[in-house]
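Read-outs: derived from the displayed coordinates by stated rules, not from any lab. Everything quoted here is computed from the prediction, not taken from an experiment. Note: ideal-geometry Cβ built from the backbone for every residue, glycine included; neighbour counts use all protein chains shown.
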Amino acid sequence: MVKKLCKAAYAGIIYVFLYLPILVLIVYSFNDSKYRGNWSGFTLRWYQELMRDRTIISALYNTFTIAILASLLATVIGTAAAIGIHHMKPRAKAVFMNITYLPVMNPDIVIGISLLALFVWLKFKLGYITLLLAHVTFNIPYVILAVLPKIYQLNPHLEEAALDLGATPLQAFFKVILPEIMAGVVTGFLLAFTLSLDDFMVSFFTTGSGVNTLSIKIYSMTKLGVSPKINALSTILFIGVLSLLIILQQRASNIKE
Amino acid sequence: MKKQWLSVPYGIWALVFSIAPILIIAVYSFCSRSAYGNIIYEFTAENYGKFLEPIYINVLWRSVLLATQSTLACFILGYPMAMIIAKSTIKKRNIMVMLFVLPLWTNFLLRTYAWMVLLRDQGVINQFLIYIGIIDEPLKLLYSHNAVLLGMVYNFLPFMVLPIYSVLSKLDNSLVEAAEDLGAPPWQVFLKVIFPLSLPGVISGAIMVFMPAVSTFVISDLLGGGQTVLLGNLIQNQFLVARNWQFGSAISMIMIIMILITMGITSKYQGEGGGRQLW
């Protein structure tokens, strides 16, 4: 009994440690006082100011469009690559898998500065396009790693059957193979999407002047000190993530059924 | 149709955007520097030599120290937690795991920034301590070694808990029962059976905490306030402020080599699927 209580208390303390900071941000986003830490009344002022801040809105726009474009592109390239890798001879497969693990193992800061060096060497103008290229680069491996297991589970006779029954290879892919591996493709896409949304390090080094993502914007805001606007922003993001996660969970349990 | 050709676009992409950049960094790290700081393609080992100066060795030492401390702290805090989760009922377990994953999905910078709000002089912790009368003057909590350590533990704790949990939850319970039947006291069951079997998870967790901790510059920047210079800060500074790309590249190469060595050593001890698939 005492042991059980101890365990519950320990778990409780750890969860408080994990969530207290987030909770404090949420509470402070409704606090009327700007500088003092104490509570001086409920307000939605910071949310209004947030909405009026054009740089934040444009950062939000960049973050989402880059995340969507990069994860879509990465999903297409990555899924094709995974199918290709599956059909390779063991040696070529080993080479490709090592290349795939490279960005997974490499510290983000090294990915960031090495891409910066590449873009400068190629005389690319740093900005939206370089950000997009960088995001696709670190996204593809995660798509491949999510899709590969599904391809291994695939029954090889399915495609043959489709082809025997007169489907073109393209039809066989879209009508037979793709639906079978769809769960992996969707997981890969979502993984890539969230990685893109959350990325700071790589974006920080590969963006140019004037093009911000949310993470970069938050970074520059923290440099100016603590601002209640960031608290409001975190609250919105946290609730967004929470709803996304609940939807995903729902999806996962639907698949299981 | 030969299906392996489907990998060609990816192959080209990886060649251009994954491999070529590393090669460029490798070449730069051996290049000389002109009077204006431009890159001259002339071989030199000076950039690596420079790293041996005491000031930079100190940075390396501090980075490794902080990363080691945070890995140990995550292990000590995380292992009991992973055990508690693994021993819960399945329904409870899923919720507990979910609660560990959720913070990972909120923006990393915001999570770190939250600690700035808590730790600063007029922050929640200081106000609370003054309110209950333990202290009169606010404590200097922010911008210190310990603040950076706290930030690392906070951000990376789930990386330790999840792989250990993943191994513990798959542990063959009959082994534990056999040890108990043969008369081993609980601490011996733990030390001789459970812990050794959970090692692959511990090692995955340690890698997943150590690697981001040793290469971060954000946590040290926000919570250390420029007082705590780590390898990541040094690289960032050389590339964006000091404009000494050759030296920055050399430090990056050293970091890559350090990580390759760590991976090489640990991969021997790591069984298949040591929890990496959680991510």
Checklist entry - So how do B:2-15, B:97-110, A:165-178 stack up, highest first, on mean other-Cβ count within 10 Å? => result B:97-110, B:2-15, A:165-178
Checklist outcome for this item: Whole-number value, in Å³ per residue, for the convex hull of the alpha carbons of the range A:54-225 is 134
Checklist outcome for this item: Here the relative contact order (percent) of the range A:147-257, from C-alpha pairs under 8 Å and at least 6 apart, is 19
Item to check | Dipole of the protein assembly as shown [Lys/Arg +1, Asp/Glu -1 at C-beta], most positive-end residue of B:Gly151, A:Leu197, B:Asn244 | outcome: A:Leu197
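Calculate the dipole size of the range A:1-73 relative to its Cα centre from +1 charges on Lys and Arg beta carbons and -1 charges on Asp and Glu beta carbons; express the result in debye to the nearest 20. Display every interim value, and only then the final one.
On the way: 8 positive and 3 negative charges, 69 e Å.
It comes to approximately 340 debye.
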Next on the checklist: Taking 8 Å as the Cα distance limit and 6 or more residues as the minimum spacing, I'd like the relative contact order of chain B as a percentage.
Outcome noted: 26
Item to check | Furthest towards positive pole of dipole, A:Ser58, A:Ala161, A:Val176, structure part the range A:54-225, Cβ charges | outcome: A:Ser58
Item to check | Charge dipole (the protein assembly as shown, unit charges on Cβ, about Cα centre) - positive-most of B:Thr262, A:Leu242, A:Phe17 | outcome: A:Leu242
Checklist entry - What angle do you read, to the nearest 10 degrees and between 0 and 90, between the alpha-carbon axis of helix B:231-240 and the longest principal axis of chain B? => result 30
Checklist entry - Could you give the nm distance between label points at A:Gln171 and A:Val104, where each point is 7 Å from its Cα heading toward the beta carbon? => result 3.7
Item to check | Over the range B:133-279, relative contact order from alpha-carbon pairs under 8 Å, at least 6 apart, % | outcome: 33
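Treating only the Cβ atoms of Lys and Arg (+1) and Asp and Glu (-1) as charged, compute the dipole magnitude of the range A:54-225 about its Cα centre; round to the nearest 20 debye.
On the way: 10 positive and 7 negative charges, 111 e Å.
With only Lys, Arg, Asp and Glu charged at Cβ, the dipole is about 540 debye.
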Item to check | Packing rank of A:121-130, A:19-28, where each peptide gets the mean count of other beta carbons within 10 Å, highest leading | outcome: A:19-28, A:121-130
Checklist entry - Taking Cα atoms, how many degrees apart are the long axis of helix A:178-198 and the longest axis of chain A, rounded to 10 and kept between 0 and 90? => result 30
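Among B:237-245, A:49-57, what's the highest-first ranking by average C-beta atoms within 10 angstrom per residue? Don't skip to the answer; put the middle values down first.
On the way: B:237-245: 16.8, A:49-57: 14.0.
Result, highest mean Cβ count within 10 Å first: B:237-245, A:49-57.
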Checklist entry - Counting only other chains, what is the mean number of Cβ atoms within 10 angstrom of the Cβ of each residue in peptide B:209-221? => result 3
Item to check | Shielding by other protein chains, A:9-16, mean Cβ within 10 Å | outcome: 4
Item to check | Net dipole in debye of chain B [+1 Lys, Arg Cβ; -1 Asp, Glu Cβ; about Cα centre; nearest 20] | outcome: 660
Checklist entry - For B:71-83, what's the mean count of beta carbons from other chains sitting within 10 Å of each residue's beta carbon? => result 1
Next on the checklist: Nearest 10 degrees is fine. How inclined is helix A:2-28 to the longest principal axis of chain A, computing both from alpha carbons?
Outcome noted: 70
